[in-house]
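Colleague: The structure follows.
The values are calculated or read from the model by the stated rules, or taken from the named source; none is laboratory data. It should be emphasised that the depicted structure is a prediction, and the values quoted were computed from it without experimental measurement. Every residue, glycine among them, receives a Cβ derived from its backbone with ideal geometry; neighbour counts consider all protein chains shown. Heads up: the accessible areas ignore ligands, DNA and RNA and are worked out on the full protein's heavy atoms, side chains in. Shrake-Rupley method; radii C 1.70, N 1.55, O 1.52, S 1.80 Å.
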Amino acid sequence: MTVERIYVFKRFERFWHWSQATLIIFMLITGFEVHGSYHLFGFGKAVELHTLSAWTLIGLWVFAIFWHFTTGEWKQYIPTTDKVVAMIKFYSVGIFTNAPHPFKATTLKKHNPLQRLAYLGVLLFIGPLLWFSGWFYLFFSDWGAWGVDKYVSLEWVAFFHTAGAFMMLLFLIAHVYLTTAGHTPTSHIKAMITGWEEVE
């Protein structure tokens, strides 16, 4: 087996990835404490840290969106049906039988078809669900001034925000697990640290 090294992830992408991951994990920790799952920081401090992390993540996302559009990297997330079935077969069976990976990463195509669909789902569904419900949560005291207090229920806002958090947690678990699907269990993780992807 021949392994080739290609430079896939630029410095900002790696910074964005790890910063975003850290903030999301921290928000899951503080968010579940706010819901009474355990006691770590205390309710008031957990709310404060959760809110601070949310604003930091929003700032990071705004900058990341600007970077993606000015560099043309947004094209990496355009969904495609090419090799979707092959990727499903690989992740469901091939990964356990040491089958060859059906997708080869390149500088112009960093993400396989299932990754593109998953990231698009986070971007278009899970993210907005969390941000809109979180916004209503944060500005609950302003509902009357906005004229929405008769139409929006805090109970439903809490439900949707928590549902979004569990979806993000499931995505995170699947994402971490699938990082082990390279030619070695740590090759994808190393690529997101160094920028260099090792492909067969």
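Colleague: Set the bar at 30 Å for Cα to Cα. Now go through 10/45; 45/75; 75/190; 89/109 and name every pair that lies beyond it.
Modeller: 10/45; 45/75
Colleague: Say R0 is 41 Å: what FRET efficiency, to the nearest 0.05, do residue 108 and residue 138 get from their beta-carbon distance?
Modeller: Result of the calculation: an efficiency of 0.55.
Colleague: Once label points are set 7 Å from the Cα along Cα→Cβ at both residue 88 and residue 69, what is their separation, rounded to one decimal in nm?
Modeller: Those two pseudo-labels are separated by 3.4 nm.
Colleague: 7 Å from Cα along Cα→Cβ at both residue 178 and residue 21: what's the point-to-point distance in nm?
Modeller: My value for the distance between the label points is 1.4 nm.
Colleague: Oh, and also: Quick one: grab Rg to one decimal and Dmax as a whole number for the chain, Cα atoms only, in Å.
Modeller: Cα-based Rg and Dmax for the chain come out at 19.4, 65 Å.
Colleague: Out of the total accessible area of the chain (probe 1.4 Å, heavy atoms of protein only), what percent is carbon and sulfur?
Modeller: C and S fraction of accessible area: 72 percent.
Colleague: Right, here's the next one. Taking the Cα centre of the range 4-199 as the origin, how large is its charge dipole in debye, to the nearest 20, when only Lys and Arg (+1) and Asp and Glu (-1) carry charge on their Cβ atoms?
Modeller: Rounded to the nearest 20 debye, it is 720 debye.
Colleague: What full-extension length gain, to one decimal in nm, is calculated for residue 123 and residue 145 as 0.36 nm per residue of separation minus the Cα-Cα distance?
Modeller: Gain on stretching residue 123 to residue 145: 4.9 nm.
Colleague: Output the relative contact order of the range 4-199, whole-number percent, from Cα pairs under 8 angstrom with separation of 6+ residues.
Modeller: Computed value for the range 4-199: 30 percent relative contact order.
Colleague: Could you give the distance between the Cα centres of the range 7-58 and the range 155-188, to the whole Å?
Modeller: 14 Å
Colleague: Explain nothing, just the number: dipole magnitude of the range 28-139 about its Cα centre with +1 on each Lys and Arg Cβ and -1 on each Asp and Glu Cβ, in debye rounded to the nearest 20.
Modeller: 500 debye
Colleague: If you don't mind, there's one more thing I want to ask. Between residue 153 and residue 97, what FRET efficiency comes out of the Förster formula 1/(1 + (r/R0)^6) with R0 = 45 Å and r the beta carbon distance, rounded to 0.05?
Modeller: 0.35
Colleague: I would also like to ask the following. What residue among 111, 170, 138 has its Cα farthest toward the positive end of the dipole of the range 96-182, where the charges are +1 on Lys, Arg and -1 on Asp, Glu, each on the Cβ?
Modeller: Highest projection toward the positive end goes to 111.
Colleague: Could you state how much accessible area residue 142 has, in square angstrom rounded to the nearest 10, with a 1.4 Å probe and all protein chains kept in place?
Modeller: 50 Å²
Colleague: Now for a separate question. With a cut-off of at most 10 other beta carbons within 10 Å, and DSSP calling the residue loop, which chymotrypsin sites (Phe, Trp or Tyr not before Pro) in the range 1-52 qualify? Please list them.
Modeller: Passing sites in the range 1-52 are 38.
Colleague: Would you list the membrane-span-like helices of the chain, meaning whole DSSP H runs whose alpha-carbon atoms span at least 18 Å along their axis and whose mean Kyte-Doolittle value is at least -1.0?
Modeller: 11-34, 43-71, 154-178
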